[in-house]
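Data block below; observations after.
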Amino acid sequence: MDGSDGSDALPTPRAATGAADLKAAEQLILHWDPTSSASDRMLFDGGDRAEAEQYLHAVDEIRRAVRNSAGASGSPRKSGTPASTIQIAMVRLEDEFRHILVSRAIAFEIDSIVDLNSLSLPRSGSGDLASDLPEPDAAEEGLDLRRSAGSSGNLGGSSTPSYRSTSSIREIDLLPDDATQDLRSIADRMIAAGYGRECFQVYGSVRKSAVELCFRHLGIERLSIGDVQRLDWVALESKIRRWIRAARVCIRIIFASERRLCDLIFAGLAGDDAPFVETVKGAAVQLLSFAEAISIGRRSPEKLFKILDLHDALTDLLPDVAVIFQSRALESLNTQVSDIIARLAEAVRGILSEFENAVLREPSKIAVPGGTLHPLTRYVMNYISLISDYKQTLIQLIVSRPPAIHRLPGDDTGVGLPEVDLPEPAKQSPLASHLIWIIFVLQFNMESKAQLYKDAALSHLFLMNNVHYIVQKVKGSPELQEMIGDDYLKKLTAKYRQLANSYVRATWVKILHCLRDEGLYVGGSFSSSVSKSTLRDRFKAFNAAFDEVHRTQAAWLVPESQLREELRISISERLLPAYRAFLGRFRQHIESGRHPEMYIKYSAEDLEIALSDFFEGCPPPLHGRRKSH
């Protein structure tokens, strides 16, 4: 029979169907050729979903034909009718891919980023960082911010973002779920057809622009390291504060959300992190360059706390950086953050050492008027009070105690520091030892400045004011008091009380000497008669001495009201009983003579009133405030 020959010449039904499907697929692809009139409308525009699905099936059909014709060793981009058709399809899918990224994301994403202040982000322990982002209100606190990866997004492109949480990371749905699924379907076809690089470039270009827009909204400037280091400190301090807030948002929200979007679209399709790297690496390098510039910049004491803020912020962000930038292509960013943290830690240690030397060497040689608190003491104690606020960080960073030196560093004059009894290492942390050392060198500096006063009493008063301020600042900070320790605080307290007593002796011993009985009796014994001329001289000497002290020391200043009152009481307890007793014993001898008011100028009550003028920092009233006798 000849039937076998005839059957060989006819195609099988399966082959005929395949050829028809391929032809139909080619026609559909060509219908949507970007150069044709149909290209004015986008397939994935949220309209007829059937058309988009049919187009993807057509691409699959053409791709199978290309694969079959290319053979095992051929290229999917080989020329030929199916291959040229697939090229047309890839151009269309690339346009569709870009259109979805742009049209379904930009407006929604910007609205989300602008409203990021409503998020409750983890805070650093420092007070400055805690104010970077406002706390959520009560309504927000009750919200469940966690979302599963498969939950539905804002399909209508709503401006109200939805979030899911992984530890400190807050991820925003940058695109609705249906758009994400369309992007994944397109990416799958493009990568399988050998057009992965084109797909990644489109994705990276669009998403990079979105990230750059977020940076502008957050005020992140494109500054070189040189630009940062040329800024004055006031401007730089403000920029550090803004940078810390922006870095949290960038890493925990923007980069984390980009990571998630990239995973949703490309997971299992791309062999590496090329789309994510293309999107964020440049922005991440720009972000970290600011912190890099601070870490290698000039050190000075006023920068310590902002550098600590920066160190704490980056340390807090480091685990998130490791999660988000986990690919080999982004490993350098993890390393860069770790290196910046290490350099900031070294800068902190260097600044603390420089601060100690600056306190020791503060050069001012002008006596503070009135013996009041020296500006250096106020500055140093406020500084170390702030240091105590960063205790948790600094205890980890400061690991060595101050050097056991007893002479000025770098000083060849042989001028030495007195012995300082620093607490034993077992009892105090290295940080605490540094704080005690700073207080010690501050005292040493104040003692040098006290020598600028020619009046010994004023010198004692000056030192008393400054040591008392140190004690009060330590007591006013529980963290500082805990680190300094009760033993050293007791020594400081005893020191200012000793200085108060030294002031009293330097001023009032010679005045009280006028009120002694010795030398007033003619025969030398207390049973002899009183020498009125000597008695009058004693009263005149007392009046002159007290008037001079009153005039002078009213202009001296004890700024702390309780200390000022305690010092007046201490003077009163010595002066008033002695004066009352002297006046009681000898008043009649003066009043029996002529012009007693010339000698008995003050009553005890007058002295008490006059003492209230002392240490106010201004001259006493011209006519005094005496009571009538």
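The values are calculated or read from the model by the stated rules, or taken from the named source; none is laboratory data. All values reported here derive from a predicted model rather than from experimental measurement. Every residue, glycine among them, receives a Cβ derived from its backbone with ideal geometry; neighbour counts consider all protein chains shown. SASA here: full protein model, heavy atoms, side chains in, ligands and nucleic acids out. Shrake-Rupley method; radii C 1.70, N 1.55, O 1.52, S 1.80 Å.
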Q: Please enumerate the residues belonging to region 252-273 that are open to solvent by 10 Å² or more (accessible area, probe 1.4 Å), part of a helix (DSSP H, G or I) and closer than 12 Å to residue 325 by Cα.
A: 259, 260
Q: Hey, can you tell me all the residues within region 340-362 that are part of a helix (DSSP H, G or I), of a type outside the set (Ser, Thr, Tyr) and farther than 18 Å from residue 309 by Cβ?
A: 354, 356, 357, 358, 359, 360, 361
Q. Given the structure, is residue 49 in contact with a Gly (Cβ under 6 Å, 6 or more places away or on another chain), charged (D, E, K, R), modelled with pLDDT under 85 and open to solvent by 30 Å² or more (accessible area, probe 1.4 Å)?
A. no
Q: Identify the residue in region 318-356 that is of a type in the set (D, E, K, R) and closer than 30 Å to residue 262 by Cβ and, among all such residues, is modelled with the lowest pLDDT.
A: 328
Q) Taking region 570-596 on its own, how many of its residues are open to solvent by 50 Å² or more (accessible area, probe 1.4 Å) and free of Cβ contacts under 8 Å to residues at least 24 places away in the same chain? A) 9
Q | Considering residues of region 315-339 that are assigned to a helix (DSSP H, G or I) and among the polar types (S, T, N, Q) only, the residue surrounded by the fewest Cβ atoms within 10 Å (Cβ to Cβ) | A | 335
Q: Of the conditions (1) open to solvent by less than 10 Å² (accessible area, probe 1.4 Å); (2) within 26 Å of residue 186 (Cβ to Cβ); (3) not β-branched (Val, Ile, Thr), residue 247 clears all except one; give me its number.
A: (2)
Q. Hey, among 565, 518, which residue is without any contact (Cβ under 8 Å) to a residue 12 or more places away in the chain and assigned to a loop (DSSP other than H, G, I, E, B)?
A. 518
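Go over the candidates 488, 503 one by one and state the one that is touching a residue at least 60 places away in the same chain (Cβ under 8 Å), under 30 Å from residue 433 (Cα atoms) and touching a helix residue (DSSP H, G or I) at 6+ places or on another chain (Cβ under 9 Å).
None of the other options fit; the residue is 488.
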**Q.** Within region 521-536, considering residues that are touching a Ser or Thr at 6+ places or on another chain (Cβ under 9 Å) and not in a loop (DSSP other than H, G, I, E, B), the one modelled with the lowest pLDDT
**A.** 521
Q | Those residues of region 539-557 which are aromatic (Phe, Trp, Tyr) and within 25 Å of residue 469 (Cα to Cα), in sequence order | A | 556
Q: Residues being in a helix (DSSP H, G or I), open to solvent by 10 Å² or more (accessible area, probe 1.4 Å), β-branched (Val, Ile, Thr) and over 25 Å from residue 176 (Cα atoms): count how many of those fall in region 274-311.
A: 2
